[in-house]
1. From the backbone phi of region 114-129, what are the Karplus-calculated ³J(HN,Hα) couplings (6.51 cos²θ - 1.76 cosθ + 1.60, θ = phi - 60°) in whole Hz, Gly and Pro given as x?
2. Can you tell me which of 180-189, 210-219 comes out highest on packing, and rank the rest after it, using the mean Cβ neighbours within 10 Å?
3. Seen from all sides and averaged, what is the projected area of the convex hull of the Cα atoms in region 139-245, in nm²?
4. Counting pairs of alpha carbon atoms under 8 Å apart in space and at least six apart in sequence, what relative contact order in percent does region 214-257 give?
5. Along each of its three principal axes, how wide is the spread of alpha-carbon positions in region 182-263, in whole angstrom units, largest first?
6. So what's the convex hull volume per residue for the Cα atoms of region 158-204, in Å³?
7. If packing is taken as the average count of other Cβ atoms within 10 Å, what order do 118-125, 35-42 fall into, highest mean first?
8. From Cα coordinates alone, what are the radius of gyration and Dmax values for region 126-174 in angstrom?
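What follows is calculated from the coordinates using simple rules that are stated; it is not laboratory data. Every value quoted in this text rests on a predicted model; they were computed, and no experiment measured them. Cβ placement follows ideal geometry from the backbone for every residue including glycine, while neighbour counts extend to all protein chains displayed.
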Amino acid sequence: MTWQEIETWANQPLINIQGLELSVGILIKSVLLLVLVIVGSKLVRRVARKALTRLPNVDTSTADSIASLVYYALLALGLAWALSTVGFDATSLAVFTGALGLGVGLGFQEIAKNFISGIIMLINKTIKVGDVISVNDLTGKVEEVGMYSSRMRTVLDATVIIPNSQILNDQFVNWTHDRPIRMVEIPIGVHYESDLDEVMNILHESVREIEHLLAEPPARVLLLNYGNSSVDFAVRVWTDEVMYFQRVISVYNLEVWRRFKKSGVVIPYPQQDVYVKEWPGKQSE
């Protein structure tokens, strides 16, 4: 087959859409242009991210957000350019626009909602890469903020994909939104016979011995209530171990236990006193 025959075959119309004839050559050209647009957009995003991280007062999360917006804007412009290059005009695109609108109406509402939510999150910095958040009883570190969904790594080392609309519409906690520390509350119960002043001193002193428990803001030791079996305290402390804070609580509880043992402070367990007025079956005299 000669080159002229190949060219004639490639230019032979295969499909006619609204007066626009599509040939094999045009379809191949369209695919190549789309590949070029996608690869070029990813390259620009990578270069933009590196350039932005070198600027002063621009953190990694901000650079990721701006680079992602540039990426999706280039994709949209590139798609329009690719379609116009192969001969699509506004009239020819009307049928596709109508079909797309019908598709959105029938089944793509969630996709559109997640996409818009992703743009809002990137602009407002609702969450950023590296933030520690809690959503639906799951706590983890954000690894990626995408245009449709976000990914986080939980304390149990599981990867969780969360739709962006769920983050914006549902209540969630961003523990590190303004600073990379969090407060934890540690409950402690002691026997009623304990010296409460000594107990409070031990609870305060134990904080100073534990790594990742901060001196500022200062710890707060509160006597909450008089329980059925114990006098109940709450120790409220700040830690910079935001995601794995339970490790810090474990070390603190062990330190308190050791100090209580040395000082004779007893941690009670639930118990119930039973008073017997008369043994069953005993004859009264």
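1. Working through the residues one at a time gives 5, 5, 5, 4, x, 5, 4, 5, 5, 6, 7, 6, 4, 9, 10, 4 Hz.
2. On the way: 180-189: 15.9, 210-219: 14.2.
The peptides rank, most packed first, as 180-189, 210-219.
3. Quarter of the Cα hull surface area: 9.0 nm².
4. In percent, rounded to a whole number, it is 33.
5. Dimensions of region 182-263 along the principal axes of its Cα atoms: 35, 25, 19 Å.
6. 168 Å³
7. Highest to lowest by the protection proxy: 118-125, 35-42.
8. Rg, Dmax (Cα atoms, Å): 9.4, 25.
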